[in-house]
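Below is one structure, written out as structure tokens; the observations come after it.
FYI, it's all coordinate maths here, none of it is from the lab. Source: prediction; values computed, not measured. Every residue, glycine among them, receives a Cβ derived from its backbone with ideal geometry; neighbour counts consider all protein chains shown.
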Amino acid sequence: MQTPTRILLVEDDDGIATPLRAALAASGHEVRRVASGRAALEAAWGVDAVVLDLGLPDLDGVEVCRRLRQEQGPDLPILVLTARTSETDVVVGLDAGADDYVTKPFRLAELQARLRALLRRAAAARGPDDGQLRARDLRLDLGARRVWQGERELELTAKEFDLLALLATNAGRVVTREQIAREVWQTRWLGGSKTLDVHVSSLRRKLGDDPTDPRYLTTVRGVGLRFEPDA
Ligand code: CA
């Protein structure tokens with residue numbers, strides 16, 4: 001039998017925590033719930049994922065997220081719950097190390113799907129390291145910098161490869177434009193959005209993605225891009 005995944009639920013509002021905890025438990029997760037930021041930092045050791053409310057009574061949730069990332073390393077999935085809908089707050093949360101976010105009020109099914117995607121990604125990251133990254137029907141050879149879609153090899157430019165590798169490595173989570181600028185262009189800011197947009201549309205074309213209904217790369221308006229882990 002599979003070991004249940006241990007989820008740490010950090011939420012001070014009983015009205016949200018109680019049904020959410022029940023739903024996660026019903027999906028086979030082992031759930032521990034705490035109601036403050038300090039308790040979260042103590043309880044996070046050994047868990048498989050954290051669902052973190054940003055509005056906490058003691059510490060700012062963004063600060064909790066930053067410290068979780070510092071203390072627990074890069075691989076612990078952190079899904080942020082936020083009532084803050086402004087794009088800036090979402091970006092701040094993602095830059096603090098959150099993997100993905102759900103805006104309150106949320107549907108339980110959506111939260112569960114996002115959490116599943118993060119857990120899958122974490123499991124894949126722990127898998128055998130053969131220098132190959134598999135996402136959907138794509139296979140990236142990170143050493144040779146080559147990509148196959150099914151049997152067909154795609155001809156990507158160096159930047160397109162870096163961009164796809166960054167997004168596919170983070171499948172299921174939003175990668176901010178700032179992160180893309182830093183990782184792909186080694187710059188703090190891309191200036192206008194044109195450079196990135198040009199690369200994204202070229203990459204979509206090569207993936208056979210329809211820009212009006214993209215299956216691989218979703219643009220998250222004002223935030224960044226997400227590689228969709230499911231067809
Ligand atoms: Ca709260």
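Stokes-Einstein diffusion coefficient for region 6-126 at 4 °C in a medium of 1.567 mPa s, Rh from the Kirkwood formula over Cα pairs: what value in µm²/s? Before the final figure, lay out the partial values.
Numbers: Rh = 14.0 Å.
Estimated diffusion coefficient is 93 µm²/s.
Return the sequence-ordered ³J(HN,Hα) values of region 176-189 in whole Hz as given by the Karplus equation 6.51 cos²θ - 1.76 cosθ + 1.60 applied to θ = phi - 60°, using x for Gly and Pro.
6, 4, 5, 5, 5, 4, 5, 7, 9, 10, 6, 9, 6, 8
In nm, what is the difference between 0.36 nm times the number of residues separating THR195 and ALA26 and their Cα-Cα distance? Don't skip to the answer; put the middle values down first.
On the way: separation 169, 0.36 × 169 = 60.84 nm, distance 4.55 nm.
My answer for the length gained is 56.3 nm.
Each residue of region 217-229 in turn: what ³J(HN,Hα) in whole Hz from Karplus with 6.51, -1.76, 1.60 and θ = phi - 60°, glycine and Pro shown as x?
In residue order, the calculated couplings are 10, 9, 7, 9, 3, x, 10, x, 9, 9, 7, 7, x Hz.
Name the most mobile residue of ILE16, ILE78, ILE180, meaning the one with the largest mean-square fluctuation, in a Gaussian network model of the chain with Cα contacts below 10 Å.
Result: ILE16 has the largest fluctuation of those listed.
PRO4: net charge of surrounding residues, Cβ under 11 Å, Lys/Arg +1, Asp/Glu -1, itself excluded?
Details: positive: ARG6; negative: GLU30, ASP48.
Charge balance near PRO4 sits at -1.
Just rank TRP189, TRP148, fewest to most, by other beta-carbon atoms within 10 angstrom.
On the way: TRP189 10, TRP148 15.
Sorted ascending by nearby Cβ count, the order is TRP189, TRP148.
Report the per residue volume, in Å³, of the convex hull enclosing the C-alpha atoms of the chain.
Details: hull volume 31.7 nm³, N = 231.
Enclosed volume per residue, from the Cα hull, is 137 Å³.
Near GLU153, within a Cβ-to-Cβ distance under 14 Å, what is the net charge of the other residues, with Lys and Arg +1 and Asp and Glu -1?
On the way: positive: ARG139, ARG145, ARG146, ARG152, LYS206; negative: ASP137, ASP141, GLU151, GLU155, GLU160.
In short, 0.
Extending each Cα 7 Å along its Cβ direction at GLU153 and ALA109, get the distance between those two points in nm, one decimal.
Each label point lies 7 Å from its Cα, and together they span 4.3 nm.
For the chain, which span is the longest to avoid every loop-located (per DSSP) member of GluC sites (Glu not before Pro) having at most 13 other Cβ atoms inside 10 Å? Walk me through the numbers before you get to the answer.
On the way: sites that count: GLU151, GLU155.
Within the chain, the longest run free of exposed GluC sites (Glu not before Pro) spans 1-150.
If one takes the longest principal axis of the Cα atoms in the chain, at what angle in degrees, from 0 to 90 and to the nearest 10, does the Cα axis of helix 158-169 lie?
With both axes taken from Cα atoms, the answer is about 30 degrees.
Kindly write out, for region 73-81 in residue order, the coupling ³J(HN,Hα) from the Karplus curve 6.51 cos²θ - 1.76 cosθ + 1.60 (θ = phi - 60°), rounded to whole Hz, with x marking Gly and Pro.
Those phi angles translate into x, x, 8, 6, x, 10, 10, 9, 9 Hz.
What's the angle, to the nearest 10 degrees (0 to 90), between helix 14-26's Cα axis and the longest principal axis of the chain?
70
With Cβ to Cβ distances under 14 Å as the rule, what net charge do the other residues near PRO214 carry (K, R +1; D, E -1)? Walk me through the numbers before you get to the answer.
Working: positive: ARG136, ARG204, ARG205, LYS206, ARG215, ARG221, ARG226; negative: ASP197, ASP209, ASP210, ASP213, GLU228, ASP230.
With Lys, Arg at +1 and Asp, Glu at -1, the neighbours total +1.
Determine the distance separating the Cα centre of region 62-138 from the Cα centre of region 175-217; give it in Å without decimals.
Rounded to whole Å, the Cα centres lie 20 Å apart.
May I ask you to list the aspartates and glutamates whose Cα is less than 15 Å away from that of LYS206, ignoring any residue fewer than eight positions away on the same chain?
LYS206 reaches ASP137, GLU151, GLU153, GLU155, GLU160, ASP162, ASP197.
Just from its helices, what would the mean residue ellipticity at 222 nm be for the chain, if runs of 4 or more DSSP H residues each count -39500 (n - 2.57) and the sum is divided by every residue, rounded to the nearest 500 deg cm²/dmol? Please report the intermediate quantities before stating the final value.
Numbers: 8 runs with 95 residues, N = 231.
It comes out at -12500 deg cm²/dmol, rounded to the nearest 500.
Taking 0.36 nm per intervening residue step and subtracting the Cα-Cα distance, what contour gain separates SER86 from ARG215 on full extension? Walk me through the numbers on the way to the answer.
Values: separation 129, 0.36 × 129 = 46.44 nm, distance 2.57 nm.
Extra length from SER86 to ARG215 when fully extended: 43.9 nm.
Give the peptides 114-120, 22-28, 168-174 in descending order of average Cβ contacts within 10 Å, highest first. Before the final figure, lay out the partial values.
Numbers: 114-120: 19.6, 22-28: 13.9, 168-174: 21.4.
Order by mean packing, descending: 168-174, 114-120, 22-28.
Take the alpha-carbon positions of region 132-227, form their convex hull, and give its projected area averaged over all directions (one quarter of the hull surface) in nm². Write out the running numbers ahead of the final one.
Values: hull surface 23.0 nm².
The directionally averaged projection comes out at 5.7 nm².
Under a GNM of the chain (C-alpha, springs under 10 Å), which listed residue has the highest mean-square fluctuation: SER202, SER86, SER36?
SER86
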